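Visitor: Just dropping this structure here.
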Amino acid sequence: MTRYFAPLIAFAVATAFVAHGQILPEFLLQLRDPNVLGGALFGWALKSFGYAFVLAFSGVLAGAAVLLAAWRTRLRGAPDVYAALAAVLAALCLTGSFGVSFAPVGWCCAALFALFLERGGRFGNGAALAVVALWALLQGGAPLAALVAALACAGAWIDARRIDDRVRESALVAAGTLVLGAVQLHAAPWHAYGAHVLYLDALRAGAQRDRLWNGGLSVNMLAFSALLVTAGWYGIRRRGRTADALTVLLLMLLSMLDARNLGYAGVLAAPIVADAVASYYVRERTLPHGPLTAYGAAFAACAFAFIATIISTEPKAVVWPQPPQQPAKLLVALAAHRGHHRVLCEQPRWCDGAAVVFHTIDPLVDDRAGLASSTALRAQSDAVATHGAWRSELAVARVDAIIAKSDANLVALLTQTGWRAVQSDGARVLLLTRRLQ
């Protein structure tokens, strides 16, 4: 009976994901991001099959990540009950990030990458590189795989205390993942992901979101505590697996810096922690039996049935994200002016979701600044700092509206050259060019 615990937990995660049923702002940004191929695919799916399909498919991906974490635990020889423990820990870490976004793509790719990396050999290493390439094409955050592979190489070297064939093989995989993860494979010219090489947006100046600790208890905090306490109680290093300890420590650090990394900590670290627990109670380890193709076919059939059921019985209305309350007054005032407007917000989070709620407003940089083009990011940075040729950069970006703090140097300089303050909410002011006044 215990062999069904992990699939049941994965199914519960997919169901909870669908019940949550809202779109996260970064999903809307990535739909328009030319550097993420997943945006085009998800946009096509939304247009062709509807929101209920995309919601159910995202839930399936989240459940698949949990199931892969459990399967990885089982492949280490731990019994089914410990695979279920890994599924529970991974599920707890994912719940704080439920909502339609590209995150389930990354979770699933991360879990699959770790599974192939531990398998090793020509097939395992080649499949791991293929997963990283797919991850980089579809979504940000793929360089996390390069860090995990580098730590696996370091762990192999520490355990062997010499450079043997295993260490050389791990080094080649680490080098391959670094190239594939840090480069936009389909962009021209190739360039790195900016802030989304890793998810560390919470470190940006003025950022209020994605922090693990916000002054109160949350699902994220409880999940982090459960994973950390279990790892600390049982230990995270088995003999000959130094890479496990290094990987868990890295994931804990990334999670403390930015809460969006906690999902990756769940799917990558939960199998290690559950395996450490098993090492205290299990003397003889056994590997699972049965062909992998049969397991894959069974999962595909269940996924198809789940998506079909959601589409046919529970059509979901799209729950659009709302912009923050404080700058809403200024965004409404801007939307009242005819035409399409390109707005620069001094703090990108002020424009969070504005393009969805106000269809005539296009923020230069939205809340997820790392997803914007390099030109937009440079114009944003230079304008806020009033540095370099910032006026020319605003003109090239066709910015005709600005929301900034009333006492900002940017406001003082623009009002001297034809811009006019047309609305204020006390702390912030809306500036418009002369042609819009």
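Visitor: Please list the non-local residues whose amide H lies under 5 Å from the amide H of Leu344, H modeled 1.01 Å from N, same-chain partners needing a gap of 5 or more.
Guide: Leu364, Ala401, Ile402, Ile403
Visitor: Take the Cβ-Cβ distance between Lys329 and Ala19 as r, set R0 to 35 Å, and report the resulting FRET efficiency rounded to the nearest 0.05.
Guide: Using R0 = 35 Å, I get an efficiency of 0.60.
Visitor: As an exercise, use a Förster radius of 25 Å and the Cβ-Cβ distance of Asp407 and Arg338 to find the FRET efficiency, rounded to the nearest 0.05.
Guide: It comes to 0.25.
Visitor: Taking the alpha-carbon set of segment 51-191, what are its Rg and Dmax in Å?
Guide: Rg and Dmax of segment 51-191, Cα atoms, are 16.1, 54 Å.
Visitor: What is the calculated FRET efficiency for Tyr234 to Ala427, with r their C-beta to C-beta distance and R₀ = 41 Å, to the nearest 0.05?
Guide: The pair Tyr234/Ala427 has a calculated efficiency of 0.25.
Visitor: Same structure, new question: Taking segment 122-164, which trypsin sites (Lys or Arg not before Pro) meet the DSSP loop condition and have no more than 12 other C-beta atoms within 10 Å?
Guide: For trypsin sites (Lys or Arg not before Pro) across segment 122-164 that sit outside H, G, I, E and B with at most 12 neighbouring Cβ atoms in 10 Å, the list reads Arg161, Arg162.
Visitor: Turning to a different aspect of this structure: How charged is the neighbourhood of Leu430? Take every other residue with its Cβ under 11 Å from the Cβ of Leu430, and add Lys/Arg as +1 and Asp/Glu as -1. Walk me through the intermediate numbers first.
Guide: On the way: positive: Lys329, Arg420, Arg428; negative: Asp425.
The answer is +2.
Visitor: Extending each Cα 7 Å along its Cβ direction at Ala389 and Asp159, get the distance between those two points in nm, one decimal.
Guide: Result for the modelled spin labels: 5.5 nm.
Only the coordinates and a few stated rules stand behind these numbers; no lab work does. Treat the numbers as computed from the prediction; the structure is a model and nothing was measured. All Cβ positions, even for glycine, are placed from backbone atoms using ideal geometry, and neighbour counts span all protein chains on display.
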